Each structure stands twice: as C-alpha cells, then as structure tokens.
Amino acid sequence: MAYQTRQRDPLLDSRMREVLEKRGQEAIGIVLILSGIAVALMLASYTPDDPNWWAATDAVPENLLGRFGASLSALLMLIVGWGGYALALGAIVWGVRMAAHLGGERVLGRIIFLPIVVALAAIYAASHEPPTGWDQSFGLGGVFGDTVLGALLNVLPFAMATGLKVLAAIAFASLLLLGLFVFGVTWGEFRAALSFMLVGLVNTVFWIGALFGHAGRGAGQAAMQMRARRRDWAEAAHDLPQETEPEPDMPQEAPDPRPRFGLLDRMPPILRRDRMPDPEPELVERHPVAADGVDAPDDDRIRSRIADVIQNRVRRASPVDGPAP
C-alpha cells in the first residue's frame, strides 16, 4: 500500500536565490576590483632595494603594501616585468563587469586566457628600452619577455633593428585583439564603442567648427559696428560749430602793444588815398563865405589853390625829387 508523502517547500524560493546570486556576484566583483587596484599600486611603487622574501634587510619597505607588496611586486617584475599590469587590468575589468552585471556569466570562458595576455604584454614591454635609473639585470618584460624576444629575434631572417620593430608590431596587435576577447568584449559592444567614438569625433569637429564660425561672425559684426561708430563720430564732429575760443589749458598770447605798420602805411598820403575812407556827404549844401562877409572866391580859384597844395605835399613827401623851379 502506497503512502502519499507531503513534499517540503524549498528553503529559499527562486526569487530569493536570484537575489543572493546577484549579491554574491557583486561581492566577487568588488573583491576583484580591490585586488586589481592593489596589484597596480604594488607594481607602481616597486623598488629593487625593498626587503622581500629572498632579500632580508633592515630597511623600511617603500612599497605601498609593505613587505608583502614588495615581495609580490619583486616576483612579478622578475618574471613578466611590466606585463604584470595586464593582470591588474584584467582583475579590474572583470570586477566591474560582475559588479555591474555586464556579462559576468562569461568570466570563466574568457579569463582562462588571461595568462596569454600577460605573456604578450611582457614580450611587447621587452621590445622597449628601459627608462633612466633601471638598474635591473632584465628588461621591462622581465626574464620571460627577454628570453622569448631574444629567441624570436634569432629565428627571424631580418636584421636586429628590423626584427625588433616587426616583433613589437605583431605583439601589440596580438595583445590588442586577444585582450578584447579576454576582457569579455562582444561584437555588439565593440560596434557600440566604435560608433560612440566616431560620433564623438564628428561632434567634436562640428562643435569646433561652429565655435570658430561664431567667433569669426562675431569678429566681423564687431568690426562693422566699430566702423559705423567711427563714421558717426566723424559726421558728428564735422557738423559741430567751430569754436574760436582757445582751450583753457593752452596759454593765450598777450596782444602786442607796439603799433604795426604795413607797406602801404609807410607810403605817402597821396598814394594811400584809396585806403582812406571817403567823407560822408553833408545834408545841406552851404556856400563858402569869407571872414569879412565877402563872398568866397569862385570855383576856378579854389581848384587852383587845391592843386597848389597837393603839389607842395607831393614834393615834400618825395625825397628824390629836387626843389621846385
């Protein structure tokens, strides 16, 4: 005889499990972000003289993460050099993706290729000359980068300088393509990022052109307004009455009290008669009367006397003329 058993309700329903999975994914993402930042800081503050696991000294470590950071950064620098920054970048990228729920489900299928990205980064770093003050026995790519790069240079049928440039270009292209895959970039995200960059570039060029266009139009309008103002000022100055009074700050010349004589003033009176004003005519014509009551001489005698007087004056005024006969 069969007995029906009552099924138990699950401890957590589907909605609760989904919420816990999301919170756990976000926590893992935060841990990855902090781990990537810590690796980047310890590599940036790496100092060869810091005490580490195989160099026991009494010096105080300068690494930001102390003795542990100095030891781990020394190990990474020895093996892959600056390629260790790819490890920090991968942890930060996947941490952001998991915390923001942006393709975190692809993490296991992509992150397993992260060591290849680190190796390519080490080879690419080894193709560059170390900066001033780099006193290590290995290059920027660590022992791994120097070894692989040297082996590839011996295989290539090129000169050393040409082969180095070729390997650097191949390593950079491979690092870029594989890095996009390892960091979880999909074709849709790549197209969206490329479209965003192109649209941003076009908008930037457009706004720059519009800015220069507005600036040019503004300058032209300002020049036209200034020219109109100058024309108005010139017309206003031309229409104003001319002032005859001297300016207050200009010293005024005192009039010369000495009489001034022109050339005509020095000439004899007979030659200046045209400059002397004519006598006004009398309103009443009177006949000349002599002092004793006798009528004055006639007109002929008066004219002859006037002529004699004029001749005497002309002779006295002209020194070049001799005495009258």
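The values are calculated or read from the model by the stated rules, or taken from the named source; none is laboratory data. Owing to the predicted nature of the structure, the values given are computational and were not obtained by experimental measurement. With ideal geometry, Cβ positions are generated from the backbone for all residues, glycine too; neighbour counts draw on all protein chains shown. Accessible surface is based on the protein model in full, side chains and every heavy atom, while ligands, DNA and RNA are left aside. Shrake-Rupley method; radii C 1.70, N 1.55, O 1.52, S 1.80 Å.
Residues whose amide H comes within less than 5 Å of that of N52, counting only those at least five positions distant or on another chain, are T57 (H built at 1.01 Å from N in the peptide plane).
For the range 33-187, the C-alpha radius of gyration divided by 2.2 N^0.38 Å, with N the number of residues, is 1.14. Applying a DSSP loop filter and a limit of 11 other Cβ atoms within 10 Å to the chymotrypsin sites (Phe, Trp or Tyr not before Pro) in the range 185-232 leaves nothing.
Given contacts defined as C-alpha pairs under 8 Å and at least six residues apart, what's the relative contact order of the range 80-148, whole-number percent?
Working: 79 pairs, mean separation 30.9, N = 69.
Relative contact order for the range 80-148 comes out at 45 percent.
Using the 1.4 Å probe convention, the accessible area of the range 7-141 works out to 59 Å² per residue with neighbouring protein chains retained. Surface composition of the range 88-231: carbon plus sulfur atoms contribute 73% of the solvent-accessible area (1.4 Å probe, protein chains only, all chains present). Each residue of the range 85-96 was assigned a 3J(HN,Hα) from its phi angle through the Karplus curve 6.51 cos²θ - 1.76 cosθ + 1.60 (θ = phi - 60°); the sequence is 5, 5, 5, 5, 5, x, 5, 5, 5, 6, x, 5 Hz, with glycine and proline shown as x.
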